[in-house]
């Protein structure tokens with residue numbers, strides 16, 4: 001299998017262009033997940049703990065948005081950031097920043113929806129105790145987020161997995177510019193359509209390795225954390 | 001400094017609680033005054049837990065009125081509760097207590113020291129750095145007591161705190177509760193363990209099917225129960 005063999009040599013050979021692509025992909029997807037988590041964790045926990053009119057609707061919408069098509073998110077962010085769009089003055093289109101924003105929007109509903117479910121389940125267990133201690137609403141959100149931290153790590157990984165694997169948004173808002181906004185997924189799409197299957201396969205291999213690596217690291221953190229604090 | 005208002009006496013005035021179609025508490029009128037521990041006893045399903053939760057202010061009655069120290073509204077900062085199965089926060093034992101101290105509004109500077117005192121008081125001083133969820137059932141219940149005491153309560157409610165503990169762990173909990181009661185905290189405890197009520201109770205609220213069948217001092221309840229239900233219960237017969 002000659003294609004497979006040259007893919008392997010590309011990866012093991014330490015091709016600098018390839019590693020730049022890997023680095024950018026990681027930077028974009030990790031930043032997007034972190035950015036989304038900042039908003040989605042408190043949002044999900046609040047949805048789980050605070051009742052307000054229209055809550056059910058918000059929950060349904062967020063659950064539905066877990067399946068947002070990346071190309072649609074990409075298109076919306078593209079329209080917002082394009083020169084004639086409302087945020088065009090920022091000049092962000094076709095930059096890594098635009099890709100981070102788009103991926104963050106893509107994974108925000110995933111993290112928020114899974115967080116809501118996790119916190120809601122935990123609240124059943126904690127309700128009596130925290131109510132008896134007269135813990136206020138904001139402190140409840142903080143307490144449950146902290147006590148659910150090990151489960152929420154898996155939630156963050158689900159978000160990261162989605163961001164790292166998608167190609168639609170980064171293709172549209174990043175533009176797949178060589179050396180600037182090219183990620184592993186856009187490169188794979190491009191190289192496959194060009195017929196450079198060795199590079200496409202090498203990138204695919206690296207992408208899977210990176211995702212397994214991030215998940216292993218998270219698993220290690222979770223184990224150590226659980227050992228230390230139960 | 002604002003003078004602390006007292007939550008005692010706790011007065012339940014013709015209190016009933018319905019959930020869906022079932023009546024859990026029926027027309028209960030009750031006064032809980034300072035003094036020796038008040039024990040809520042009765043068969044399983046008689047409404048002991050519910051009565052304790054009502055008096056704690058965790059749930060509101062369907063009809064009737066509850067007042068704490070004459071007030072219908074009370075912030076409950078001087079009431080604390082220990083549940084049958086306490087929920088341990090996913091932190092170290094000491095952190096569980098500092099959390100309770102923080103919620104109770106205790107200054108950060110003194111929390112660590114206070115937590116150490118409270119852990120010593122329940123005999124968990126050596127286990128402060130142990131994850132709370134890795135403690136045994138009895139140790140967890142003592143940690144729950146330390147957490148409750150962190151609120152410096154005037155009234156301590158306990159809902160069958162020893163129901164799932166072995167005799168040694170039960171004794172440890174009883175000793176702590178006894179010491180707490182002797183220090184002037186009003187203890188209100190639900191149990192279906194008659195021996196425990198005999199060992200510790202000052203007075204008895206005997207519940208059958210959601211109503212108070214008998215309300216007396218502990219001594220006459222055990223030696224000369226006034227109602228046939230109480231007589232059967234003290235004898236060890238099933239009360240249906």
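The values are calculated or read from the model by the stated rules, or taken from the named source; none is laboratory data. Not measured: the values here are computed from a predicted model. Don't worry about glycine lacking a Cβ; one is built from the backbone with ideal geometry, like all the others, and counts go over all protein chains shown.
Filtered by the rule that a residue be out of contact with any helix residue (DSSP H, G or I) (no Cβ under 7 Å at 6 or more places or on another chain) and assigned to a loop (DSSP other than H, G, I, E, B), the range A:56-68 gives a lone residue, A:67.
Surrounded by fewer than 16 Cβ atoms within 10 Å (Cβ to Cβ) and more than 22 Å from the chain's Cα centre (by Cα) - does that describe any residue in the range A:148-160? No, every residue in the range A:148-160 fails to be surrounded by fewer than 16 Cβ atoms within 10 Å (Cβ to Cβ) and more than 22 Å from the chain's Cα centre (by Cα). Checked against the criteria, residue B:76 does not count as more than 26 Å from residue A:226 (Cα to Cα) and modelled with pLDDT of 95 or more. Among the residues in the range A:107-125, are any more than 18 Å from residue A:35 (Cβ to Cβ), within 14 Å of chain B (Cβ to nearest Cβ), buried (at least 21 other Cβ atoms within 10 Å of the Cβ) and touching a strand residue (DSSP E or B) at 6+ places or on another chain (Cβ under 6 Å)? No. Being away from chain A (no Cβ under 14 Å), closer than 19 Å to residue B:216 by Cβ, part of a strand (DSSP E or B) and touching a strand residue (DSSP E or B) at 6+ places or on another chain (Cβ under 6 Å) is a description that does not apply to residue B:16.
Just one of the listed residues (B:115, B:109, B:80) is part of a helix (DSSP H, G or I) and crowded, with 19+ Cβ neighbours inside 10 Å, namely B:115. Among residues of the range A:27-39 that are free of Cβ contacts under 8 Å to residues at least 40 places away in the same chain, none has a beta-carbon under 7 Å from a residue that is surrounded by fewer than 18 Cβ atoms within 10 Å (Cβ to Cβ) and not in a helix (DSSP H, G or I) at least six positions away or on a different chain.
Screening residue B:173 with (1) in a loop (DSSP other than H, G, I, E, B); (2) surrounded by 15 or more Cβ atoms within 10 Å (Cβ to Cβ) gives one miss only, at (1). Is it the case, given these coordinates, that residue B:62 is out of contact with any helix residue (DSSP H, G or I) (no Cβ under 9 Å at 6 or more places or on another chain) and surrounded by 18 or more Cβ atoms within 10 Å (Cβ to Cβ)? No: the conditions fail for residue B:62. Taking the numbered list (1) under 24 Å from residue B:90 (Cβ atoms); (2) out of contact with any helix residue (DSSP H, G or I) (no Cβ under 6 Å at 6 or more places or on another chain); (3) loosely packed, with under 15 Cβ neighbours inside 10 Å in turn, residue B:125 passes all entries but (2). Within the range B:118-140, is even one residue modelled with pLDDT of 95 or more, within 13 Å of another protein chain (Cβ to nearest Cβ) and closer than 24 Å to residue B:181 by Cα? Within the range B:118-140 (the criterion being modelled with pLDDT of 95 or more, within 13 Å of another protein chain (Cβ to nearest Cβ) and closer than 24 Å to residue B:181 by Cα), the answer is yes, since at least one residue qualifies.
The set of residues in the range B:29-59 that are within 14 Å of another protein chain (Cβ to nearest Cβ) and assigned to a loop (DSSP other than H, G, I, E, B) comprises B:57, B:58, B:59. Taking the conditions (1) at pLDDT below 95; (2) in contact with a strand residue (DSSP E or B) (Cβ under 7 Å, 6 or more places away or on another chain); (3) surrounded by fewer than 22 Cβ atoms within 10 Å (Cβ to Cβ) in turn, residue B:202 satisfies each one other than (1). On the given criteria, is residue B:152 more than 14 Å from every other protein chain (Cβ to nearest Cβ) and either farther than 27 Å from residue B:45 by Cα or part of a helix (DSSP H, G or I) (or both)? Here the answer is no, as residue B:152 does not meet what is asked. Residue A:53 passes every criterion in (1) touching a helix residue (DSSP H, G or I) at 6+ places or on another chain (Cβ under 8 Å); (2) loosely packed, with under 15 Cβ neighbours inside 10 Å apart from (1).
Pick from A:156, A:190: which is part of a helix (DSSP H, G or I) and either in contact (Cβ under 8 Å) with a residue 40 or more places away in the chain or in contact with a helix residue (DSSP H, G or I) (Cβ under 7 Å, 6 or more places away or on another chain) (or both)?
Testing whether each residue is part of a helix (DSSP H, G or I) and either in contact (Cβ under 8 Å) with a residue 40 or more places away in the chain or in contact with a helix residue (DSSP H, G or I) (Cβ under 7 Å, 6 or more places away or on another chain) (or both) leaves just A:156.
The one condition from (1) within 12 Å of chain A (Cβ to nearest Cβ); (2) within 19 Å of the chain's Cα centre (by Cα); (3) buried (at least 21 other Cβ atoms within 10 Å of the Cβ) that residue B:104 does not meet is (3).
Is it true that some residue in the range A:31-50 is more than 27 Å from residue A:139 (Cβ to Cβ) and part of a helix (DSSP H, G or I)? Step through it out loud before you land on a result.
Keep residues of the range A:31-50 that are more than 27 Å from residue A:139 (Cβ to Cβ), which gives A:31-32.
Keeping just the survivors that are part of a helix (DSSP H, G or I) gives A:31-32.
Scanning the range A:31-50 turns up at least one residue that is more than 27 Å from residue A:139 (Cβ to Cβ) and part of a helix (DSSP H, G or I).
Residue B:93 falls short on exactly one of the conditions (1) at the interface with chain A (Cβ under 7 Å from one of its Cβ atoms); (2) under 23 Å from residue B:164 (Cα atoms), and that condition is (1). Of the set (1) more than 13 Å from the chain's Cα centre (by Cα); (2) over 28 Å from residue B:43 (Cα atoms); (3) touching a residue at least 12 places away in the same chain (Cβ under 8 Å), all apply to residue B:165 but (2). Candidates B:90, B:26: the one that is in a loop (DSSP other than H, G, I, E, B) and surrounded by 16 or more Cβ atoms within 10 Å (Cβ to Cβ) is B:90.
Taking the range A:132-147 as the region of interest, how many residues are in a loop (DSSP other than H, G, I, E, B) and either in contact (Cβ under 8 Å) with a residue 60 or more places away in the chain or facing chain B (nearest Cβ under 8 Å) (or both)? Give the derivation first.
Here is the first cut: in the range A:132-147, the ones in a loop (DSSP other than H, G, I, E, B) are A:133-136.
From what's left, either in contact (Cβ under 8 Å) with a residue 60 or more places away in the chain or facing chain B (nearest Cβ under 8 Å) (or both): A:133-135.
Of the residues in that region, 3 qualify.
Taking the listed residues A:168, A:175, the one that is under 24 Å from the mean Cα position of the chain (by Cα), on the phi > 0 side of the Ramachandran plot and surrounded by 14 or more Cβ atoms within 10 Å (Cβ to Cβ) is A:175, with no other qualifying.
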